[in-house]
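The structure appears below as structure tokens.
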Amino acid sequence: MMLIFALFFLLPLVFVTIVSAWDYNEYEMIPAFSLRGYTDTFEGCIADLPELCTILKTYLKTVKLCLLTWSLTLFIGFTVAYFLAFHVRSKTWQIVLTLLCTIPFWTSNVIRMIAWIPLLGRNGLVNKGLQGMGLIHQPLEWLLFSEFSVVLALVHLFTFFMVVPIFNSMIRIDKRLIEAAYDAGATGWQTLVNIIIPLAKPGIVIGSIFVITIVMGDFVTIGVMGGQQIPSAGKIIEARLNALQFPAAAANAVILLGITILIISSLTRIVDIRREL
Amino acid sequence: MATKAAALELVQLTKMFGSVTAVDAINLKIPAGSYCCLLGPSGCGKTSTLRMIAGHEYATSGDIIVGPKNVTDLPPAERSTAMMFQSYALFPHLSVIDNVAFALKMKGVAKAERHAEARKLLELVDMQAYAARLPAQLSGGQQQRVALARALITSPQILLLDEPLSALDPFLRLRMRTELKKLQRELGISFIHVTHGQDEAMALADIVVLMNGGRIEQQGSPRDIFNHPRTEFTAKFIGGHNVIAVGDDTFAVRNDRLILKAPAKVATVTDGPSIPGIVNEVEYQGTYVRVAITVEGSPDISAQLSESEFDTANYAVGDHVLVSWDPAQASLLKTTSSATLTPSKTAA
């Protein structure tokens, strides 16, 4: 277990970190210590202050998309899990409905993304429909290849990663606790805030870790749904890799990793996950 | 705490689950400030009755009256009742004091005030030293005390306890039993306690309500029920009785009221009923000796003899004996349909 962990997780991570501190030129990397990967990344950023340079804007944009997606998947995921855990009484229906949630996963990521295009496009179903009803006269441009479509696709892809761990936490909540709260005069909302949310916290944190780590590193969805117009941290790494600037790509990977760890550790600061498990 | 006790009255209370009748039109009056045990085998409707009184189960029909108030359609918190759940249902993420103060928090009482009130109740159950602990850090008995304190913080007039002692080991069960009774006396409110253990009901209750198949089989003081069982079910469930058929009548006779005689010593005419049998087991139990007697054509009879009684005759396995009793000590049983009878394993 430890060996596999070391071989497939720690070792590559160490390599990436080492490579990020190597020197490079236009066509090869030079195994000598240099922070060029980092300095090149932030080139001109200090000089431009207080104007934000492109790279900082990109990271900010990624964090913004990530937080938007996170809050939406959390809200939808929590609601779905709550419905499954507390309103669906029979075990059979719980299993059936949970499996229903997995149906989108029967097709690949890319197909599910592309499927949005005929729906949201300039001549897509939504625009045609709204025009047909006379609600709009011009097709809505922000439906596709926009932040809206990116967040929509991300939420669509990743809500299930929220539903499963939260449902898993909720199903373990003893139903008598809810009766006990009701007996003590708690309203439905008070029970939710005082009993269900605190007890579902481990699931909320695990789901959040899934969604945040995936979205922070994503560049395919943001690329396709943003019409390659929206920059993302993942895209920077890809671009550097395509330019064969491995140390620079590695440096960006390390920065991205740092930001992600920061978000997650501040999350776990709120909830002591070790204690909750 | 200025809690005043209230009487409870159930009128034609019925609970149906689909087409199954769990509680069948029961009528029951429990005077204020009494300790009442709802006793019966599992599935007899005692827990459904308690949950209807608590407001966690809708009554299909009938009324629940607490004091002067009809509470049938009120939510649990407005019924002047509080429930202590089986295995306690303490909130695992809240400390002991927050668990106890929960009902006050829901009412919007400020933190300092509700904690002060919770401390008073923790003192009542002798748990003030554990206020900061989480429920998982407490033993079963301690959890029960916390659950009691949590139920009592709303100053209920009737406390409902769902099998409160079943999660404890036998030694602790006896101790907590004594404490429950003491607490009920001190608070002066009614306790309604659901149990399937007849010993628990006998030890605690002012009123025992024995239920079977959704109906009340018999109710009364423990002594009344024990000495005058009216049905075969009651006699078997309450234990310590032999159900003996003589002719067309069935009697319940307490084990320790049976008289054994050696056939040789008996005059041809006896003044009471007598049944011949063969001793098939003798068990020394310390304070008494149990003699099991096989009777042809009917179930075994079990007699309890004092040590001195036993010594004078010194029965051995295989001896022929006559079983007799004073007719004044026997209870004539109403014949009930055999369908409602269950073997008295639980009463053993």
Qualifying trypsin sites (Lys or Arg not before Pro) in the range A:95-144, DSSP loop, other Cβ atoms within 10 Å at most 13: A:Arg122
Please give the calculated 222 nm ellipticity per residue for the protein assembly as shown, where each DSSP H segment of at least 4 residues contributes -39500 (n - 2.57) and the sum is spread over every residue; nearest 500 deg cm²/dmol? -13500 deg cm²/dmol
Shielding of A:173-182 by partner chains, average beta-carbon count, 10 Å: 6
DSSP bridge pairs, the protein assembly as shown: antiparallel proportion in percent, nearest 5: 75
Residue-averaged beta-carbon neighbours from other chains (10 angstrom radius) around B:153-163: 1
Estimated FRET transfer efficiency (B:Lys120, B:Glu179; beta-carbon r; R0 22 Å; 0.05): 0.80
Interface size between chain B and chain A, please: total buried accessible area, 1.4 Å probe, rounded to the nearest 100 Å². 1700
Percent of accessible area on the range A:39-101 owned by carbon and sulfur, 1.4 Å probe? 73
Degrees, to the nearest 10: A:233-242 long Cα axis against longest axis of chain A: 40
When you look at the Cβ of every residue in B:100-108, what mean number of other chain Cβ atoms sits within 10 Å? 4
A:Leu135/A:Trp106 FRET efficiency (R0 25 Å; Cβ-Cβ; nearest 0.05): 0.15
Run down the lysines and flag those whose C-alpha is under 18 Å from the C-alpha of B:Lys111, throwing out any fewer than 8 positions away in its chain. B:Lys120
Using a simple charge model, +1 on the beta-carbon of Lys and Arg, -1 on the beta-carbon of Asp and Glu, nothing else, what dipole does the protein assembly as shown show about its Cα centre, in debye to the nearest 20? 1240
Rounded to the nearest whole Å², what accessible area per residue is found for the protein assembly as shown with the 1.4 Å probe? 51
Can you list the residues of the range B:31-56 that have at least 40 square angstrom less accessible area with all protein chains present than in their chain by itself, probe 1.4 Å? B:His56
Considering just Cα atoms, how many Å³ per residue does the convex hull of the range B:113-264 enclose? 144
In degrees, nearest 10, range 0 to 90: what is the angle between the Cα axis of helix A:197-217 and the longest Cα principal axis of chain A? 30
With +1 assigned to the C-beta of every Lys and Arg and -1 to the C-beta of every Asp and Glu, and no other charges, what is the dipole magnitude of the range B:133-257 about the Cα centre in debye, to the nearest 20? 520
Of all GluC sites (Glu not before Pro) in the range B:277-334, which ones are in loop regions per DSSP and have a Cβ with at most 15 other Cβ atoms within 10 Å? B:Glu296
Scan the range A:54-104 for chymotrypsin sites (Phe, Trp or Tyr not before Pro) in coil per DSSP, keeping those whose Cβ has at most 10 other Cβ atoms within 10 Å, and list them by number. none
So what's the gap between the Cα centers of the range A:159-178 and the range A:1-80, to the nearest angstrom? 33
Excluding residues fewer than 8 places away in the same chain, name every one of the lysines whose C-alpha is closer than 19 Å to that of B:Lys334. B:Lys236
Rounded to the nearest 0.05, FRET efficiency between A:Asp48 and A:Asp174 (Cβ-Cβ, R0 45 Å) equals 0.20
The protein assembly as shown - Rg (one decimal) and Dmax (whole number), Cα, Å: 36.6, 125
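The values are calculated or read from the model by the stated rules, or taken from the named source; none is laboratory data. From a predicted model like this one, the values you see are computed outputs, not experimental measurements. When we count neighbours, we look across all protein chains shown, and the Cβ atoms used for this are built from the backbone with ideal geometry, even at glycine. SASA here: full protein model, heavy atoms, side chains in, ligands and nucleic acids out. Shrake-Rupley method; radii C 1.70, N 1.55, O 1.52, S 1.80 Å.
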